[in-house]
Amino acid sequence: MGAANTLRWMDHVELRRWMNELIDGIEECRAPNGYIMAYPEDTILESERGAYTRAWVTHGLIDAGYAGNSKAFDLLRGYYDWFDKCPELPKLLRGAAQGVQGMIANTRMYFTPQGKPEDIQVIQRYYQENYWLEAMAERDTEVIWQYPYDRPHNYLITDLEAYLDLYRATGDTRYFEAMKGAWDVYHDNWEHVGGSIAITEFGQFPPKSYRLVAQEPFCETGETCGSVFWTRFNQRFQMLDPEKEEYASEIEKSIYNVGLANQVRSSGIIYHARLVGQKGDLAVPLCTNSCCEGQGTRLLGSLPEYIYSLTDDGIYVNLYEPSTIRWKHASSELTLTLSGSFPHRPDVKLHITTAAPAGAKIRIRVPGWAAGAMSINVNGAKAATADPASYITLDRTWSNGDIITFRLPMELKLTRYIGLDKIEGHERFALEYGPILLALVGSDSAVLKIEGVGQIKPDPDRPLRFNIDGHPDYSYIPYWNVLSEPFTCFPVIDRA
């Protein structure tokens, strides 16, 4: 997953050789009936083979197919011709560990160049839970944290992805309404400030529990996998409703505050985004051949696809990462180059290159976290202004060398903690700067006495570092910059 997604955007001889050799090995092991999994057919119900393992192999081969490996889709088609008639299908949802995770493998297969209706029909017949769809449409939290058939946790989001795929495949609005409800349920009850998912597979996580302290090893919150699934879930909604800014905002938080934060330089990927104490997990500081390494590298390898969205009439600019995109629009070829150093600096510039004047709509996101209305200039002249949580549409004929500039209205924001790990007699607060979750370093149990964010001031010499008047021993830095030092994203803040 990680290798193939990376190779979709950049070539790397050694990484491509490694990926191709791996797929050659799968081909060598393929059975005459098309079966390719690394366990015997009659053991598909053991452990998590029929769901978790099958989904991961499917993700990897689909990504490899889009990265240019000519064998990947053929291997998958042969396997799914076997699976879609598998004699164990009636047992796979309930008879295998976390069987519901198997849905996403089939729905993703359906949307590949070799997808078939049978790939979707199998899910509708053997996996679809109508009571669950109805409960999601009604925003019933019980069916998430008390999911009755397996360990309820953030992995249920991968099933939400599959149900939204069913809507995309069939147009049946029952799926869409249920998944809108599911989005609300997770967003309103199991999403930490900063965007990580506040439910995992062990322990108890009732609605709005927002646990910060592990009940036992592996009972942390903020699992990397959950944020990868949440990113993909929001991306599907974004494709269906690109004007809805909140989906881009959720993707942005997941990338900055989990995907990047859980990568520890070149050492590895952390399983959980712990928000208090020390980074890492109680059981193991870094993952070793885990789901979070697989999904973490999948997210990191796919980062470019979240910056822009293309439409028939133009382009959406969703994120502000320096980048260049070239695309065919009508009879013209346009190039858009985004420059700046967001989030370290709030100024953004877009440069347009075109061989001939071309009409197109360039839609620029005004983030929901913006401190106020945002103005946009074209070639130095004010062109439009819009409020937070919207898109500004610039509909005009573009000429070679046109320049779009804007400054993102970033500010500090304190959010009161309301979860189960309150401290009696005190209030805990999280601090964000734009979309960036900040961590207080210097102690994991700091008590600040301040009047408000006015006492938290940017360090003039170090971007994204903030000092606190009256507390010289502490400072705030982006959560992704925390390494081994003690920290807390939820310090006690008592009014001075």
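The values are calculated or read from the model by the stated rules, or taken from the named source; none is laboratory data. These figures come from a predicted structure and were not determined experimentally. Neighbour counts are summed over all protein chains in view; Cβ atoms, including those assigned to glycine, are modelled from backbone coordinates with ideal geometry. Only protein heavy atoms, including side chains, enter the accessible area calculation; ligands, DNA and RNA are left aside. Shrake-Rupley method; radii C 1.70, N 1.55, O 1.52, S 1.80 Å.
Below is a table of values for the structure above.
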item: Compactness of segment 236-311 as Cα Rg over 2.2 N^0.38 Å, two decimals; result: 1.27
item: Per DSSP, loop trypsin sites (Lys or Arg not before Pro) in segment 397-496 with at most 12 further Cβ within 10 Å; result: none
item: Compactness of segment 1-69, expressed as Rg and Dmax over alpha-carbon positions, Å; result: 13.2, 40
item: Rg/Rh (Cα only; Kirkwood hydrodynamic radius) as it applies to segment 457-496; result: 0.96
item: Rg to Rh, two decimals, where segment 120-162 supplies the alpha carbon set and Rh follows Kirkwood; result: 0.95
item: Residue-span extension gain [residue 71 to residue 324] - 0.36 nm each, minus C-alpha spacing; result: 88.1 nm
item: Per residue, in Å², the accessible surface of the chain once ligands and nucleic acids are set aside, probe 1.4 Å; result: 41
item: R0 of 41 Å, Cβ-Cβ distance residue 384-residue 149: FRET efficiency to nearest 0.05; result: 0.25
item: Rg(Cα) / (2.2 N^0.38 Å) computed for segment 1-154, rounded to two decimals; result: 1.12
item: Cα-centred dipole magnitude for segment 331-399, charges only on beta-carbon of K, R (+1) and D, E (-1), debye, nearest 20; result: 60
item: Approximate shape of segment 206-365 as ellipsoid semi-axes (Cα gyration tensor, √5λ), whole Å, largest first; result: 36, 16, 13
item: Computed E for residue 173/residue 267 - FRET, C-beta separation, R0 30 angstrom, nearest 0.05; result: 0.05
item: Calculated P(r) of the chain - Cα pairs past 36 Å, %; result: 34
item: Gain on full stretching of the segment that runs from residue 422 to residue 461 - 0.36 nm per residue minus C-alpha separation; result: 10.6 nm
item: Protein accessible area in the chain, 1.4 Å probe - carbon and sulfur %; result: 50
item: Extent along principal axes [Cα atoms of segment 438-479; Å; largest to smallest]; result: 25, 21, 15
item: Cα pair distances in segment 334-443, grouped into 5 Å bins until the bin that holds the longest one, percent each; result: 2, 10, 17, 19, 14, 10, 8, 6, 5, 4, 3, 1, 0, 0
item: Heavy-atom SASA rank of 271, 247 (probe 1.4 Å, accessible area, largest first); result: 271, 247
item: Cα pair distances of segment 92-164 binned at 5 Å [whole percent]; result: 3, 16, 26, 27, 16, 8, 3, 1
item: Of 194, 166, 110, farthest towards positive along the dipole that unit charges on Lys, Arg, Asp, Glu beta carbons give segment 96-241; result: 110
item: Residue-averaged [θ]222 nm for the chain, counting only DSSP H segments that reach four residues, each worth -39500 (n - 2.57); result: -9500 deg cm²/dmol
item: Cβ-defined net charge surrounding residue 467, 9 Å radius [Lys, Arg +1; Asp, Glu -1]; result: 0
item: Förster-model FRET efficiency, 25 Å R0, residue 355 and residue 393, C-beta, rounded to 0.05; result: 0.55
item: Cα-based equivalent ellipsoid, segment 78-133: semi-axes from gyration tensor eigenvalues, Å; result: 18, 13, 9
item: Antiparallel DSSP beta bridges within the chain, as percent of all bridges there, nearest 5; result: 90
item: Sparsely packed chymotrypsin sites (Phe, Trp or Tyr not before Pro) within segment 28-123, loop by DSSP, other Cβ within 10 Å at most 16; result: 111
item: Full-extension gain in nm, residue 413 to residue 43, via 0.36 nm per residue minus C-alpha separation; result: 128.0 nm
